[in-house]
1. Only one of (1) open to solvent by less than 10 Å² (accessible area, probe 1.4 Å); (2) closer than 26 Å to A:D124 by Cα; (3) in a loop (DSSP other than H, G, I, E, B) fails for A:M182. Which number is that?
2. Scan region A:21-38 residue by residue and report those that are open to solvent by less than 30 Å² (accessible area, probe 1.4 Å) and either farther than 24 Å from A:W259 by Cβ or β-branched (V, I, T) (or both).
3. How many of the residues making up region A:194-243 are over 19 Å from the mean Cα position of the chain (by Cα) and among the polar types (S, T, N, Q)?
4. So, in region A:129-163, of the ones that are more than 21 Å from A:F99 (Cβ to Cβ) and outside any helix (DSSP H, G or I), which residue ends up farthest from the other protein chains (Cβ to nearest Cβ)?
5. Taking only region B:39-85 into account, find how many residues are part of a helix (DSSP H, G or I) and closer than 24 Å to B:G263 by Cβ.
6. Quick check: anything in region B:168-176 within 20 Å of B:V242 (Cα to Cα), open to solvent by 10 Å² or more (accessible area, probe 1.4 Å), modelled with pLDDT of 95 or more and part of a loop (DSSP other than H, G, I, E, B)?
7. Within the set of pairs 6 or more residues apart or between chains, which connect a residue that is under 19 Å from A:S116 (Cα atoms) and more than 14 Å from chain A (Cβ to nearest Cβ) inside region B:35-47 to a residue that is surrounded by 18 or more Cβ atoms within 10 Å (Cβ to Cβ) and modelled with pLDDT of 95 or more with Cβ atoms less than 9 Å apart?
8. Report yes if B:T87 is in contact with a Phe, Trp or Tyr (Cβ under 8 Å, 6 or more places away or on another chain), crowded, with 24+ Cβ neighbours inside 10 Å, within 14 Å of chain A (Cβ to nearest Cβ) and of a type in the set (V, I, T), otherwise no.
There are 2 protein chains.
Amino acid sequence: MLLIDALQFSKPSRERFEEWRAGNLSAVHVTTAIWENSTETMREIGRWHRLFEEHSDIISPARTVADIEDAAASGRTAVILGFQNSTPFESDLDLVGAFREAGVRIAQLTYNTQNSAGAGCWEDDNAGLSRTYGKNLIKEMNDVGMMVDVSHCNERTILETFEASEKPVAITHANPIDVVGMDVELPFRNKSTQVLKEMAVQGGVIGLSMYPRIAPKGEDCTIDDFIDMIKWTVDLVGIEHVAFGSDFYMGHADEEILWWRQGRWSRSSMVPVSGFVEFPEWFDSSRGYPLMLERMAQAGFAEREVAAIAGGNWSRIFAQNFGS
Amino acid sequence: MLLIDALQFSKPSRERFEEWRAGNLSAVHVTTAIWENSTETMREIGRWHRLFEEHSDIISPARTVADIEDAAASGRTAVILGFQNSTPFESDLDLVGAFREAGVRIAQLTYNTQNSAGAGCWEDDNAGLSRTYGKNLIKEMNDVGMMVDVSHCNERTILETFEASEKPVAITHANPIDVVGMDVELPFRNKSTQVLKEMAVQGGVIGLSMYPRIAPKGEDCTIDDFIDMIKWTVDLVGIEHVAFGSDFYMGHADEEILWWRQGRWSRSSMVPVSGFVEFPEWFDSSRGYPLMLERMAQAGFAEREVAAIAGGNWSRIFAQNFGS
């Protein structure tokens, strides 16, 4: 059985990689760009390739699903390089293929704000996928084999992306609004029931997240609350469309978190800024996954259902997008 | 009397500069960026500064309105450096002030497509000024002293920009839809009566254009047709809000024009591509201006009215935006 976390954004370190192994993770999708341009992102990718060399006993790069299976078989965790924004492409279609060659397999269209491709969840909902570059970008990603992620996009951009993409679209890290409610901070990051239903029709998968700011009951979310959310989502969209995307992040300095919030496009943050938000004690790191899977089985999920949610669903749409 | 053309995009050459002198132009706003990023644009600005040295007998850089007056008094044409897109800023507010220091005085928010600031006229009209970077960018331009241009923006972006900007906003080169009609190519580039009225209330100015693709009757536009359009626009918004922005371009290779149409964001053009479109014989270059002013006087414009349209209106809002 594969176990895949479709979004972590911790500062890379041996300690985090060892937690991946302790959690028995087959693969983790990591972020190499938030607001970075092409050159800045290439530097970050270069750093990851250095880490793959230095920690080759426990991590390895994932370019295909076979790479993930090989890593799992050899007791390592495969790392899928991805973007949380399309800024590295600099509105240049040729850079999509170039970054795929450099190892990138997943890219989110926007991170919170509007850009040349689409609009993020901090914008008014009027803007969507641009009919110029946005549509061309999705076609290019489909063609070269890079998965489209819409986790931070606004509703309109997400729905228009489902329509434009010929390959399954991912929501790598978010939760259902109708479970979490609108009374926590940043509720707009979560996804409507309409989005979730259309995602499933389109063939996509959502990675449910333990990040307290978007989880049910916030910092008071128990493992049972989380499993109830899994059940609710499975009932809504089917077992084949639900998975994990923890959004776990650790080890960043405050200035790094400020960078995520405002890039260079603002001189102040539109949302409350704090340092690291503590994750619940049952998921204080990737080590929390084995307990999660055990409790899911106790809660009535069949073995094949646990396997689908743990990694089978991600590996299916990874294969459809970037090759088995 | 000052005579100002608020948009020309010819390939820079001694021949064009001599036409400026023959046309008695006090100042011309030229384009240094269409899709270029920061570094590419700095190179283009560097080329212009080399041209200022090489042709210092007939052209000079304009950083203030006084520079324009000095150029006119010494028989030279002042050159205002500007952008037709905000791509050189790379969504970095600090680059706005940096480019002002480098001599740039006017920047259009978008060139035809959607970007992180707003949306262009080739997009659906749902997208507008982004409430994140778009609003911050306008504030920054207001603060550092760079004029906002919305010539290629879509209706929603234009109206929201009028609301956001504390300084007068320019439509440097466009014509009224209600004069030209919607039956010529690229009609969406022209401006609605609502936009023109709100522009005037906001304090802005429109530069009317002889570019056949957006002019009344297209390639058959006569000088009288053009002067009728001036009259119509003056009747609508008042003498203080109408001026010239020819959109004259000459000397570019086909590949350069293809670059304007599709940048790197598309592999084909969304609009018909042709080489240079011939301007009408009465405006086959900047040499056409003296006849235009003469015929305006014959058509009943008072001397102070001709002066306002020729250059007074631009110099007023230049002073309000980037300093007298």
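1. (1)
2. Correct list: A:G23, A:L25, A:S26, A:A27, A:V28, A:V30, A:T31, A:T32, A:I34.
3. Summing the residues that are over 19 Å from the mean Cα position of the chain (by Cα) and among the polar types (S, T, N, Q) in region A:194-243 gives 2.
4. In this case the residue turns out to be A:N154.
5. Matching residues across region B:39-85 total 10.
6. Yes - at least one qualifying residue is present in region B:168-176.
7. Qualifying pairs under 9 Å: none.
8. So B:T87 fits the description; yes.
The values are calculated or read from the model by the stated rules, or taken from the named source; none is laboratory data. It should be emphasised that the depicted structure is a prediction, and the values quoted were computed from it without experimental measurement. Because the Cβ atoms are built from the backbone with ideal geometry, glycine has one as well, and the counts that use them run over all protein chains shown. Each accessible area value is taken on the protein alone, full model and side chains, heavy atoms only, with ligands, DNA and RNA left out. Shrake-Rupley method; radii C 1.70, N 1.55, O 1.52, S 1.80 Å.
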